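Okay, so here's the structure we're looking at.
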Amino acid sequence: ASLFFNATLDSRLQYHSSINGKNQIIMEGSCPGKRNQADDHQGIKFSAVLDLQIGGEHGVAHNLDAQNFRVENADWAVILLVASSSFAGPFTKPSDSGKNSTSEALTMINTVKSLSYSSLYARHLDDYQRLFHRVSLHLSKSNDSISSSKPTSDRVRSFQT
């Protein structure tokens, strides 16, 4: 079975996109610096790079425009997405940040592309599990005191505060 799909990079914030090489979309934009001024460009700048890799004898990727790819007849596809911002800490005004979010994102995407799938997957697990495995909750000292065969309504009634 062949893959057919469109890949789009879009944002609700002010941005522009461009094609970089054959299979990359670069999005550059800025967040409003003030809540009620939509045309204020002094906010944090951001960049995202979408990198599309496809395989198969007849697989083709077409650039539909500066933010859309169309994949046809591919046997497999890998979509890599990297994002970066000019945020330089809570005590630096966004307009004073010297960070170049686009060059940072391009450097990161090239690093990610050099990793094997298993290495990338392991890094992903390590990254998010540090955030999601920070807290554990134990409601009972013993699992024997709460019978899992009882319906929830009976267990709630027997719970004493």
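Any read-out appearing in this document is the output of simple, stated calculations on the displayed coordinates, not a laboratory observation. Because the structure is a prediction, the values reported are computed rather than measured. Quick reminder, even Gly has a Cβ in these numbers, built from the backbone with ideal geometry, and neighbours come from all protein chains shown.
Annotations
- Couplings 3J(HN,Hα) for region 94-100, derived from phi with the Karplus relation 6.51 cos²θ - 1.76 cosθ + 1.60 (θ = phi - 60°), are x, 6, 9, 5, x, 6, 9 Hz, where x marks Gly and Pro.
- Cα shape, region 3-134, gyration tensor, a/c 1.5 rule: oblate
- Under 5 Å between amide hydrogens, built in the peptide plane, is the criterion, and for Gln14 it picks out Ser30 among residues at least 5 positions away or on other chains.
- Whole-Hz couplings from phi, Karplus 6.51/-1.76/1.60, listed for region 59-72; x for Gly and Pro: x, 9, 10, 10, 7, 7, 6, 6, 9, 9, 10, 10, 9, 9
- Packing-based exposure ordering (other Cβ within 10 Å, fewest first) of Ser17, Ser11: Ser11, Ser17
- Residues whose amide H lies under 5 Å from that of Ile44, counting only those 5 or more places away or on a different chain, are Cys31; hydrogens are built 1.01 Å from N in the peptide plane.
- Relative to the longest principal axis of the Cα atoms of the chain, the long axis of helix 101-113 makes an angle of roughly 70 degrees.
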